[in-house]
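No lab work stands behind these numbers, since they all come straight from the coordinates. As the structure is a prediction and not an experimental result, all values here were calculated from the model. Please note: Cβ atoms are built from the backbone with ideal geometry, for glycine as well, and neighbour counts cover all protein chains shown.
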Amino acid sequence: IVNWPFVSPQRRNLSWVQLAGHKGNFKAGEEGTILKKFSENEKLCFERLQGDVLQDFVPGYHGVVERDGDPFLHMTDLLVNFDRPSVMDCKMGVRTYLEEELVRARERPKLRRDLFDKMLEVDSEAPSPQEHLQRAVTKPRYMQWRETLSSTHTLGFRIEGIKKADGTCHTDFKKTRSKEDVTQVFRDFATNNTNILISYLRKLEEIQQALKSSEFFKRHEVIGSSLLFIHDHTGQADVWLIDFGKTTALPEGQTLDHCIPWQEGNREDGYMWGLDNLMRTLGSLTNK
Ligand code: ATP
Ligand code: MG
Ligand code: MG
């Protein structure tokens with residue numbers, strides 16, 4: 001779904017843009033801030049991020065507020081210091097569902113006609129002969145199939161959406177999987193501007209360093225979180241970590257490597273491996 005920018009009364013000239021999630025999940029906040037639909041999990045993450053080395057790389061967190069009777073997380077609008085920004089949401093990791101979601105889906109292995117139809121829409125060859133006969137698939141089967149379409153499995157990240165400076169939004173990257181295709185999308189996004197690519201790369205190096213020393217990162221399974229790339233015509237370019245809705249703390253004393261392959265049970269998310277591949281992709285564009 002393409003979500004068109006909304007304009008807050010205070011910021012008539014600024015267009016905010018949302019590249020993922022349900023449109024109803026966000027509201028404009030006061031000057032320079034936005035409100036995201038409350039989730040206990042994401043709130044806990046923001047609280048734990050305060051004081052961590054990652055704090056400077058995530059949106060400023062201003063607590064929980066109520067609007068029209070519903071709770072929201074109040075955070076800094078990352079677009080606010082840019083002039084007609086280009087924005088890209090890159091979802092990190094080798095899987096985008098939690099292990100517990102897979103377990104839960106398996107407990108009730110109901111045959112789903114709707115998921116079969118969704119599968120068919122993307123690729124009529126995807127369902128097995130038996131699934132074609134049943135005209136249905138189970139949810140775990142659907143979840144795992146969906147991840148093989150994009151670069152999530154093969155590169156450890158995938159492009160969720162892009163807004164270009166001219167205002168157009170693109171969210172049709174579900175099947176962008178090969179290294180070549182992903183590289184091409186990055187090249188287009190940065191309009192092949194080497195300075196912007198280099199700024200992004202430097203920032204990712206900083207993020208990589210911060211992740212390596214972060215207590216928060218060590219102790220969390222980071223699933224469905226994105227890197228948000230933002231640049232504009234002035235040459236300003238920056239990257240932030242966003243979306244901690246599915247980022248989950250490990251049991252006391254446990255840590256993750258974030259680089260070794262995922263096997264069900266080890267909870268590994270492949271975040272660092274994906275970041276490495278992402279940096280290689282950008283790197284290949286800066287020294288042509
Ligand atoms: P999903 O789980 O489907 O990815 P979500 O409801 O958890 O969606 P987010 O991924 O946190 O929502 O955000 C959706 C989009 O909103 C992002 O892709 C980005 O375009 C925009 N966005 C989110 N947080 C910010 C922020 N602090 N500043 C500017 N833009 C933001
Ligand atoms: Mg998201
Ligand atoms: Mg989310």
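Below is a table of values for the structure above.
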| read-out | value |
| --- | --- |
| Exposed-loop-free span, longest in the chain, where GluC sites (Glu not before Pro) count as exposed if DSSP calls them loop and at most 16 other C-beta atoms lie within 10 Å | 126-251 |
| Fewest-first ranking of Met75, Met92, using other Cβ atoms within 10 Å as the exposure measure | Met75, Met92 |
| Only Lys, Arg (+1) and Asp, Glu (-1) charged, at Cβ; region 68-150 dipole about Cα centre in debye | 500 debye |
| Region 17-95: C-alpha gyration tensor shape, a/c 1.5 cut-off, then a/b vs b/c | rounded |
| Region 123-233 - Rg over Rh from alpha carbon coordinates, Kirkwood radius | 1.06 |
| Rough spin-label spacing in nm, given labels placed 7 Å along Cα→Cβ, for Gln208 and Asn195 | 2.4 nm |
| Of Lys175/Lys218; Lys139/Lys246; Lys36/Lys118, pairs whose Cα-Cα distance is over 24 Å | Lys175/Lys218; Lys36/Lys118 |
| Selection of trypsin sites (Lys or Arg not before Pro), region 130-185, meeting DSSP coil and at most 14 other Cβ within 10 Å | Arg135, Lys174, Lys175 |
| Footprinting exposure proxy for Asp83, Asp269, Asp257, Asp166 (fewest neighbouring C-beta atoms within 10 Å first) | Asp166, Asp83, Asp257, Asp269 |
| For region 233-282, projected area of the alpha-carbon convex hull averaged over all directions, nm² | 5.4 nm² |
| Average projection area in nm² (convex hull over Cα atoms of region 44-188, one quarter of hull surface) | 12.6 nm² |
| Spherically averaged projected area in nm², based on the convex hull that wraps the Cα atoms of region 204-288 | 6.8 nm² |
| As computed over the chain, the Cα convex hull volume per residue (Å³) | 145 Å³ |
| Centroid-to-centroid separation of region 162-227 and region 232-259 [C-alpha atoms, Å] | 12 Å |
| All aspartates and glutamates inside 14 Å of Lys179 as judged from Cα atoms, apart from same-chain residues fewer than 8 positions distant | Asp276 |
| Two-site FRET efficiency, Thr286 against Glu264, from Cβ-Cβ distance with R₀ of 35 Å, rounded to 0.05 | 0.40 |
| Gaussian network model of the chain, Cα within-10 Å springs - most flexible of Gly245, Gly167, Gly24 | Gly24 |
| Gaussian network model of the chain, Cα within-10 Å springs - most flexible of Thr247, Thr176, Thr191 | Thr191 |
